[in-house]
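The structure under discussion appears below in the form of structure tokens.
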Amino acid sequence: MKKTLLFTALMASSTLSAVFAQETVDQAMVQKIREEGLNHSQVMKTAFYLTDVSGPRLSGSPELRHAQEWAMGQLKTQGFSNVALEPWGKFGRGWQVQKNYAAITVPYYHAIIAIPKAWTPSTAGPIKGDVVLIKADTITDLDQYKGKLAGKIVITDTKNTLTRSTTPDLKRYTDEELAKMAEEQPATERRGNRGNSPQMAAFMRLRALRQALSEFFITEKVGLVLSQGRGTDGTVFTTNGASYATDAKPVTPELETSGEDYLRIVRLLRGGINVQMEADVQTKFYDNDLQGYDVVAEIPGTDRKLKDQVVIIGAHFDSWHAATGATDNAAGSAVMMEAMRILKTVGFKPKRTIRLVLWTSEEQGLFGSRGYVANHFGDPKTMQLKPEQAKVSAYYNLDNGTGKIRGVYMQGNKGVEPIFKAWLEPFKDLGATTLTISNTGGTDHLSFDAVGIPGFQFIQDPMDYGTRTHHSNQDTYDRLVEDDLKQSATIVASFVYHTSQRPEMLPRKELPKPTAAN
């Protein structure tokens, strides 16, 4: 019995060693990819057109469509096949800011930093008047303001303060942090009912009050609402103030202001100082086409047996409206377009088909990728899969800002570890070394993972993504780091090359259980 166990262990060890040894890396092609990606890059040119030229790419907006048309034109010019704008399903109304001006005029003039909340309406032309401070801890507190707010500019009292930080915005992972990520174990499922916790109860009360305020402002015909945006130092992390649905309930025009401007106004009003403002906010809704679309392009496979199999890369193309969506996610989109360009430029004829998809409405709930997956691969609710699902070797995603690639989140797929380790080896000098078994959430690879397709997000240096640019008015072209984007596109191109040429598809995890059963 002991001899049998020893033999089995030796066989398992030799098999694992063989996997490491057999995973070939085409060093000649890696060098071609590095030369093109690092020394002849066009990634910043692409980023320029997606940001400065196209503007904010909010879902359903004219700016998003402009960027999509430009991208398709580029992909066609570069010689890619099957370039198309593919519908994934119904989204809803588009929306656009056409004018935005707001300023304090009394006790002195000061133009404030303020951004219309997405999908909120226009003011009734230019408005001017006193700012009214609303003090309401409960719904019944609103009774004192009935009949007094028509046409007014209102602001809600708050206990918020701004906290100064001595921690730098910009951050790269340290060797110690990367080592800790590499040692992580698969996360265990956490269970428990938090519905009756004090925190949940407080959250529900706050949500009910906010809903009551919104309805009250409509009933009282308030002219404009000022709300405090998250952020400091003039940064405003913006949000939506209404639904994009065609049957959405009406809301009041609302400006999300910088914390500094918001708290200044509140302090003045608390101190009994009259504050007057003028504002003119003009927004426009678009309901001529309620569909959502993804941009698709391909390099067709050439191997008779493997050309029907697919390697997919992607990034979400949509952004928020406060800036031009540079790090979220023109960076990822430009990198993926650049990876395709690199492969095309070096004359690569892949065995498997390589497909680029630029998703939309990721910001509203991964809608573009989820719709695409449902149309092509299957339904995670029932786990009823379509034939195409079995033909996807891998999906690679990039959506964590401008920071360079430091490795890969394996998303619980232990089988890819020796493969990815071999593929990262040529890029040690560029700082990409780390593999972590852990999952990462919040972006489009999850749509593929949900139906059993190997889906991966690359580990990226955080930079100032979470502290300054993510969904904020600071998310502009100037926040992009050129060398990092070049490095990322080069590594992605190499991963795609090796995935497409590998004799077998990438290993898969056990098929997930239907989500409808959870």
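The values are calculated or read from the model by the stated rules, or taken from the named source; none is laboratory data. Worth saying up front: this structure is predicted, and the values here are computed from it rather than measured. Don't worry about glycine lacking a Cβ; one is built from the backbone with ideal geometry, like all the others, and counts go over all protein chains shown.
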Legend entry - the range 178-230: number of residues that are at pLDDT below 85, among the small types (Gly, Ala, Ser) and in a helix (DSSP H, G or I): 2
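Could you tell me whether the range 328-342 includes any residue that is assigned to a helix (DSSP H, G or I), of a type in the set (S, T, N, Q) and either touching a strand residue (DSSP E or B) at 6+ places or on another chain (Cβ under 9 Å) or within 30 Å of residue 234 (Cβ to Cβ) (or both)? Full working, then the answer.
First, the residues of the range 328-342 that are assigned to a helix (DSSP H, G or I): 328-342.
If we keep only those that are of a type in the set (S, T, N, Q) too, we end up with 329, 333.
Next cut, either touching a strand residue (DSSP E or B) at 6+ places or on another chain (Cβ under 9 Å) or within 30 Å of residue 234 (Cβ to Cβ) (or both) only: 329, 333.
Yes: one or more hits.
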Inset, instruction - For residue 265, indicate whether it is surrounded by 21 or more Cβ atoms within 10 Å (Cβ to Cβ) and assigned by TED's automatic domain parsing to the domain that holds residue 499. - result: no
Inset, instruction - Confirm whether residue 77 is out of contact with any His (no Cβ under 6 Å at 6 or more places or on another chain) and at pLDDT below 95. - result: no
Inset, instruction - For residue 63, state whether it is under 16 Å from residue 359 (Cα atoms), modelled with pLDDT of 95 or more, surrounded by 13 or more Cβ atoms within 10 Å (Cβ to Cβ) and of a type in the set (D, E, K, R). - result: yes
Inset, instruction - Mind listing just one residue for me: the one in the range 68-92 that is assigned to a loop (DSSP other than H, G, I, E, B) and closer than 22 Å to residue 375 by Cβ and, of those, farthest from the chain's Cα centre (by Cα)? - result: 80
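Determine, yes or no, whether residue 81 is touching an Asp or Glu at 6+ places or on another chain (Cβ under 9 Å), under 28 Å from residue 301 (Cβ atoms) and in contact (Cβ under 8 Å) with a residue 12 or more places away in the chain.
Details: touching an Asp or Glu at 6+ places or on another chain (Cβ under 9 Å): yes; under 28 Å from residue 301 (Cβ atoms): yes; in contact (Cβ under 8 Å) with a residue 12 or more places away in the chain: yes.
When the stated conditions are applied, residue 81 passes them.
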Inset, instruction - Report, ordered by the first and then the second residue, all pairs with beta carbons closer than 6 Å, sequence separation of six or more or different chains, a first member in the range 27-45 that is assigned to a helix (DSSP H, G or I), and a second member that is exposed (fewer than 13 other Cβ atoms within 10 Å of the Cβ). - result: 44/482
Legend entry - Single unsatisfied condition, residue 250 versus (1) exposed (fewer than 15 other Cβ atoms within 10 Å of the Cβ); (2) part of a helix (DSSP H, G or I); (3) in contact with a helix residue (DSSP H, G or I) (Cβ under 8 Å, 6 or more places away or on another chain); (4) not basic (Lys, Arg): (2)
Legend entry - Within the range 379-484, strands (runs of 3 or more DSSP E) holding 2 or more residues that are of a type in the set (Phe, Trp, Tyr) and modelled with pLDDT of 95 or more: 392-397, 455-460
Inset, instruction - Would you confirm whether any residue within the range 494-507 is assigned to a loop (DSSP other than H, G, I, E, B), over 23 Å from residue 400 (Cβ atoms), assigned by TED's automatic domain parsing to the domain that holds residue 349 and touching an Asp or Glu at 6+ places or on another chain (Cβ under 9 Å)? - result: yes
Legend entry - Matching residues, the range 388-410, being more than 24 Å from residue 183 (Cα to Cα) and charged (D, E, K, R): 388, 391
